[in-house]
Each structure stands twice: as structure tokens, then as C-alpha cells.
1. Restrict the check to the stretch 90-99 and report whether at least one residue is out of contact with any helix residue (DSSP H, G or I) (no Cβ under 8 Å at 6 or more places or on another chain), at pLDDT 85 or above, part of a helix (DSSP H, G or I) and not hydrophobic (A, V, I, L, M, F, W, C).
2. Filter the stretch 27-43 down to the residues that are open to solvent by 30 Å² or more (accessible area, probe 1.4 Å) and under 23 Å from LEU160 (Cβ atoms) and list them by number.
3. For the stretch 252-272, which positions are small (Gly, Ala, Ser), in a loop (DSSP other than H, G, I, E, B) and either farther than 11 Å from GLU183 by Cβ or in contact with an Asp or Glu (Cβ under 8 Å, 6 or more places away or on another chain) (or both)?
4. Please tell me if THR149 is assigned to a helix (DSSP H, G or I) and within 22 Å of PRO86 (Cβ to Cβ).
5. Between a first residue in the stretch 26-37 that is within 13 Å of ARG112 (Cβ to Cβ) and a second residue that is of a type in the set (A, V, I, L, M, F, W, C) and at pLDDT below 75, which pairs have beta carbons less than 9 Å apart while being 6 or more apart in sequence or on different chains?
6. Only residues in the stretch 246-264 that are over 15 Å from ILE69 (Cβ atoms) count as the first member; pair them with residues that are open to solvent by 60 Å² or more (accessible area, probe 1.4 Å), Cβ under 9 angstrom, at least 6 apart or cross-chain, and list the lot.
7. Being open to solvent by less than 20 Å² (accessible area, probe 1.4 Å), farther than 20 Å from MET194 by Cα and aliphatic (A, V, I, L, M) is the filter here; which residues of the stretch 111-159 pass it?
8. Test each condition in (1) closer than 23 Å to ARG263 by Cβ; (2) open to solvent by 10 Å² or more (accessible area, probe 1.4 Å) for ALA184 and report the one that comes out false.
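The values are calculated or read from the model by the stated rules, or taken from the named source; none is laboratory data. None of the values given here were measured: they were computed from a predicted structure. Using ideal geometry, Cβ is built from the backbone for each residue, glycine included, and neighbour counts are taken over all protein chains shown. Surface accessibility is based on the protein's heavy atoms, side chains included, excluding ligands, DNA and RNA. Shrake-Rupley method; radii C 1.70, N 1.55, O 1.52, S 1.80 Å.
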Amino acid sequence: MRRKITEAHLLLIITFAMYMGYQWLMQWIPLHDVMFHVIMGQVMLIFPGALWMLIRYRQLSERMLFTPISNANIKMAVAVIISAYPVVVILNRFSMFFVKNQVMEVMPYMMRMGYFPMLFVMAVMPAFNEEFLCRGILYGAYRQRAKTTGIWLSALAFGLFHLNFNQMLYAVYLGIVLALMVEATGSIYTSMLMHFLLNGFNVTMNFMANQRLIADASVNQQQVTESVSQTLSDVPIQQLVTMAVVLTIFIFLNGILIYSTFRMNGRSLQNDGEKGRVIDGWIVIFVIITVILTYMNTDFL
């Protein structure tokens, strides 16, 4: 059992090294095709783990929780991600008091691809690839020894993989929610669906907003970006209190829905088999390296 966790951590590090190596290589061999560049980056996230799992494990569906989900669980997944969305928005807004919104900075380049290519590379591919890595390989190994710790650790890895504090804050929260729903439903398809719905909604809203900006030639995109950049000292205390209240309400609602999903499926966070530690030297190395790179890659205000 311990060997599976070590394997998962080594796969995480190899995947990260390949992903960063590809990004570094593209600095020396620039590509004008943005879509190809993004797709190859996403391929780096799944190739090492998929290759190793296909060679190493025959019972891949059981290890990765590739099991069908019922209509009732689909409805619960939709309800959970809808209730999680306001939390994501507020956490993203809170992070922007200290750092720049790094997604908005790359959005103009993504818009040039068109709606459906953008949906594919920002919603479809991440929903499968990132879930395969974080909720499949990582949490799939953790849950056999320590489900609760595994949820937090896989969420942390998910957040750090984004390599900036702006996305990291809400990505960690989403990682917790997605792992809980995987455990509550017994299927990784649940988190894939939720991930796609969230990213797909964001892509759609950003694309529609961009189209309105194009239609209104008097609005400058740079002005719009700058208008949402504030420091914490610029925000009225009433707004901060409102954000805190709304955040608390929706986190509580999120928890109720997730708890209801566990009850509906007769599942729990108690370990069925051998209990043990899931933290080793490899994951510590990964966390240290990614924290340093996240700090270097973040544009602070």
C-alpha cells in the first residue's frame, strides 16, 4: 500500500517536470498556434500517469474509480458545483486584493481561438486531465490509507499545480469539494462533470463579456482590467463583511449538500482497510518546489 503512494508522488513529480520542461522549451521554440501549445501542455498532465497506470495496473477502473454515476448523483453534483461557484468567485476576488488576476491576463490570447476551441482546451481537457491526476492517481492512492488527509493533500497539490496565488486559493477549496464528491459518489466521473461545468460556465461568461466589449468600441479592455484591481485598503469594511457573510453561507450550503450526497449513497470518510500516513519525502519536495515557483510566478500588487 505504501508503495502505491510513493508511485503516485513520483508520477506527480514526473508529470510536473514534464509540464514545466515543455513550458520552458516553448520559450526557445515559440509557436504561433496558441491552441496547439495549450493542448500539448494539457497532454503533459496526463501522459506519464496514463502510461504508467496502463502498464502497472490491470484493474484501472477500480483503482481510479471509473464507475458509472446515477442520475441522482448527477443532480447532486450539479447542485454542489452551483453552490460552490459563489465561494470560488469570492475567494478569487479576495486574492485580487493582493495579486493580479492571472487568468484575465491570458484570456485575450484564448479569445482568439473562438468559443468552441476555447471551451475544449479550458473546460473539456482540464476536466479530464486534471481530475485524472489529482482525484485519480493522487486521491486514488491516498483514500486507501487516509481519506481525510488524502482529500486535503490532493487539494493542496491541485492548487499548487496552478503556480500562482490567485488561482491557488480557490483551487484548493475546489479540490476539497471535488475529492469529497468523488468519495461521496464513488466515481471520478462526478468530479470530471463538476470541473467541466465550472470551467465551461466561466469560459462562456468570459466569451460573452468579450463579445460585448468588442461591440462597444468605447470600452478599452485595459481599463476594464485595471478597474477591478484594488488593494485591501481601498475596499470599504462593509463590502468585506458582506463577502465574509456570503462566503460563510455558501460554504455551509456546500457542506450540507455534500453531506446529503454521502448519506444518499450510504458512504462515509471512514477507512475500510489499513490506515497509515500518506505524507512522505517526495510530496514534501513537490510542495517546497511548487511554493517557490508559485511565489516567483505570482504578480503581487
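1. First, the residues of the stretch 90-99 that are out of contact with any helix residue (DSSP H, G or I) (no Cβ under 8 Å at 6 or more places or on another chain): none.
Within the stretch 90-99 (the criterion being out of contact with any helix residue (DSSP H, G or I) (no Cβ under 8 Å at 6 or more places or on another chain), at pLDDT 85 or above, part of a helix (DSSP H, G or I) and not hydrophobic (A, V, I, L, M, F, W, C)), the answer is no, since none of the residues qualifies.
2. Narrowing the stretch 27-43 to residues open to solvent by 30 Å² or more (accessible area, probe 1.4 Å): 27-40, 43.
Within the stretch 27-43, GLN27, HIS37, VAL38, ILE39, MET40, VAL43 meet the criteria.
3. Our first condition is that a residue be small (Gly, Ala, Ser); within the stretch 252-272, this holds for 255, 260, 266, 268.
Narrowing the set further to residues that are in a loop (DSSP other than H, G, I, E, B) leaves 266, 268.
The one that is small (Gly, Ala, Ser), in a loop (DSSP other than H, G, I, E, B) and either farther than 11 Å from GLU183 by Cβ or in contact with an Asp or Glu (Cβ under 8 Å, 6 or more places away or on another chain) (or both): GLY266.
4. Values: assigned to a helix (DSSP H, G or I): yes; within 22 Å of PRO86 (Cβ to Cβ): no.
No: the conditions fail for THR149.
5. Short answer, once both residue conditions are applied: HIS37/LEU31.
6. Partner pairs satisfying both residue conditions: LEU247/PHE94; PHE250/TYR85.
7. ALA141, ALA146 - these are the residues of the stretch 111-159 that are open to solvent by less than 20 Å² (accessible area, probe 1.4 Å), farther than 20 Å from MET194 by Cα and aliphatic (A, V, I, L, M).
8. Only one criterion is unmet by ALA184, namely (2).
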